[in-house]
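Below is one structure, written out as structure tokens; comments come after it.
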Amino acid sequence: MMDRHLPNTGSCMCWTWIFFLTRLGSKSYDLKPGHWPNHWCLFERRLFFTRRFIGLGLLLAGAIRAGKKAVPEVDPAPLVKSVAVMGTRVPVNLRTQAGQLYDARVAGKDVHELWSTGRFDDIRAETRATPDGIAVVFRVIESPELRLHAMRIDPSSFGLRLKAAEGTPIDRRRVQEMALEAGRQLEAQGYVNARVDYNLAPVSKHQADLRLILRAGDAVDVKEVEFQGDLGLERKELDGALRALRIRRMLPAIPGLWGGWRLFPAYSEGAVDSDLSRLRSLYLSKGFFDPNVRLGGVEIREKAAAVKILVEAGPRYRVREWSISGAGVVAARVHPSDLRSGELCSCLAARRRDRERLGILDFSVRLKVDRVTNETGLAGGPPDVNLTTAIHEGQPYRVGRIEFFGNHRYTDAAVRSNFVLEEGRWFDRQLLRKSIARLNRTMQFEPLDESAVQIHPNPQTGYADVTVRLAERKRRAWSVSGPVGPLSFAGPLQASLSSRLPAWGQGILELSTYTASISLLAFAHPLLPLLPISSKRHVLPILALERPFTPGEGWKSGFVVAPQIGWRRSILSYAATQIQQRLWPALSRSQDLNPGLTILVERPQGDIPLTCEQPKPRFAKPRSMAAIAIRLLGAF
């Protein structure tokens, strides 16, 4: 009977509350205490608690029933019937696809990816209900197509090199990449807390000025490098393996009077990581195949950093047998009594150079270390290992098309004349590196590196195309140069303004390869009077037309036409420039022409890379001194 009066949750809870408060029989309200027998009072008391227990259970059941009805039913995710991008014709990749269930989180990721492209100023995602599902629409507003008008770096005293020529397409993403690159260059100089802000301001409908604001802080130099642990090698050898963290002493100290002159390197995490890798390679080349070289800590106090390196060299192995194998390699076994340092690296480097001449682009080496039983029977003797070298060589390629992009003022013929890599011949990587070095010597473009050169091999045809992306330097420049030491020693005090001529002509008459300049020279009595300019005035203005030296033009470049200096000094300047530009590359042997070879060493406890760097050339110090003298030759 109770259920018929409970049509809904509200009536259920109401009847439960009434049953909870009332008692059986109305006469119970009129009876006075003591009028009922004791056994009846005990029965009424039990009945009282039973009624309340039942009422409380019904109250809780009604609340649970009410809560279940209060939760709304969740509709299934609708089906995406169509996806459209309005406001652009640029193809984009979206995760939201027609035929899938709609997910707001996936649509949010699509908006984030569209924004990260840097092509749009505004992005909105909209949904519209359809009879069969929903239609998703991304409405975008494209960023105006801008080109770089001018770039300014404040302050400009850090010597940053950023590849951004005038007329280069610029957008928000490209600006962010340039700001990150500027930050990395500042960190490499020791500014550990550097920050770079930027401002892209349009100056016209299709041009914009970029301003990079540098907040470098204080530079941190490495004042001390400490080695701790079981070194296994002399401290002098470890110091010699350092490059980025090496402290160079220029002048010796005088005890009690002067601490000498030392050059301290800039501190950065990249410098520490690179030298840790060099130290591991040193131990591997010396026969320590279980080295543990790690950073022990860095203590920075104001502008000084102390770097601690922990070393556990492990045992030094003795090479019992060394075998070489690979495709196109005659299998050979060597039984060295003791593998000399650098013998493995020099052998493999020579092999790579030989294969490069034949057009091999893919050359990799894996070195497997197998520990063997010591047959000498000496308990304290060094452990023995067998080395197995596997060389992998790809197919040979010939040079296909060589294309240049970014040369707006210089013709392809002028740029191509500096290349020694010729189309149709075997693809020699060293000739490509030499060609890039010659392009950098022209000073017509921003410095090129490997990221500016792309190689596109085609295994079917056996040809590999080369793409070189150039960034031209600014047409106009100013400079202030002075003598070395006293006035007029190694040249006078000079201030000049110069500008390259517009693009016109070809060959030796290509005007873009010429520079017109106006200079002011301040003279004094020269210490080394090598054909001095005869002038009664202490300040002499000079108008000059110069064709800077380029390796491609050779003898047809490197001359200056200036009536004020006379024909004798013009001839002497031309001869000095030719001698300087032809001898200096031979004396200062660049490591970029012969990069190191990385070998993957396979060990039971894990693989580790071994970097074989090119050895120093013979007579390194005399060659360096001669290169400096050649550099100063043109200043007299």
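Assorted remarks:
- The 1.4 Å probe gives accessible areas that order R174, R401, R603, largest first, as R401, R174, R603.
- 3J(HN,Hα) couplings calculated from phi for segment 573-588 with the Karplus curve 6.51 cos²θ - 1.76 cosθ + 1.60 (θ = phi - 60°) are, in sequence order, 5, 5, 5, 5, 5, 5, 5, 4, 6, 8, 8, 4, x, 6, 7, 9 Hz; Gly and Pro show x.
- Residues D607, D171, sorted by accessible area with the largest first, give D607, D171 [1.4 Å probe; ligands and nucleic acids excluded].
- Measuring only protein heavy atoms, the 1.4 Å probe finds K286 accessible over about 50 Å².
- Paramagnetic reach from R128 in segment 76-113 [backbone N under 12 Å; point 7 Å along Cα→Cβ]: 82-86
- In order along segment 292-307, the Karplus-derived 3J(HN,Hα) couplings, from 6.51 cos²θ - 1.76 cosθ + 1.60 at θ = phi - 60°, round to 10, 10, 8, 7, x, x, 10, 10, 10, 10, 6, 10, 10, 10, 10, 9 Hz, and Gly and Pro are given as x.
- Qualifying trypsin sites (Lys or Arg not before Pro) in segment 552-622, DSSP loop, other Cβ atoms within 10 Å at most 11: R618
- A 1.4 Å probe, protein heavy atoms only, puts the accessible area of Y397 near 20 Å².
- Spacing of the two label points (7 Å from each Cα toward its C-beta) at L572 and T88, in nm: 6.3 nm
- In this structure, the amide hydrogen of Y514, modeled 1.01 Å from its nitrogen in the peptide plane, lies closer than 5 angstrom to those of L501, counting only residues at least 5 positions away or on a different chain.
- Residue by residue, segment 459-470 carries 3J(HN,Hα) couplings of x, 5, 8, x, 10, 10, 8, 10, 10, 10, 9, 10 Hz when phi is fed to the Karplus relation 6.51 cos²θ - 1.76 cosθ + 1.60 (θ = phi - 60°); x denotes Gly or Pro.
- Distance violations [Cα-Cα > 28 Å] among K434/K621; K474/K556; K236/K303; K286/K434; K236/K621; K163/K616: K286/K434; K163/K616
- Cβ-based net charge around T117, under 12 Å, with every Lys or Arg adding one and every Asp or Glu removing one: -1
- Dipole in debye (nearest 20) - segment 169-229, about Cα centre, beta carbon charges: Lys, Arg +1; Asp, Glu -1: 480 debye
- Residue order by solvent-accessible surface for T515, T461 is T461, T515, largest first, with ligands and nucleic acids left out and a 1.4 Å probe.
- A 1.4 Å probe, protein heavy atoms only, puts the accessible area of S479 near 60 Å².
The values are calculated or read from the model by the stated rules, or taken from the named source; none is laboratory data. Computed from a predicted model, the values in this text were never measured in an experiment. For neighbour counting, all protein chains shown are included, and Cβ atoms are generated from backbone atoms with ideal geometry for every residue, glycine included. Keep in mind that these areas ignore ligands, DNA and RNA; they rest on the heavy atoms of the full protein, side chains included. Shrake-Rupley method; radii C 1.70, N 1.55, O 1.52, S 1.80 Å.
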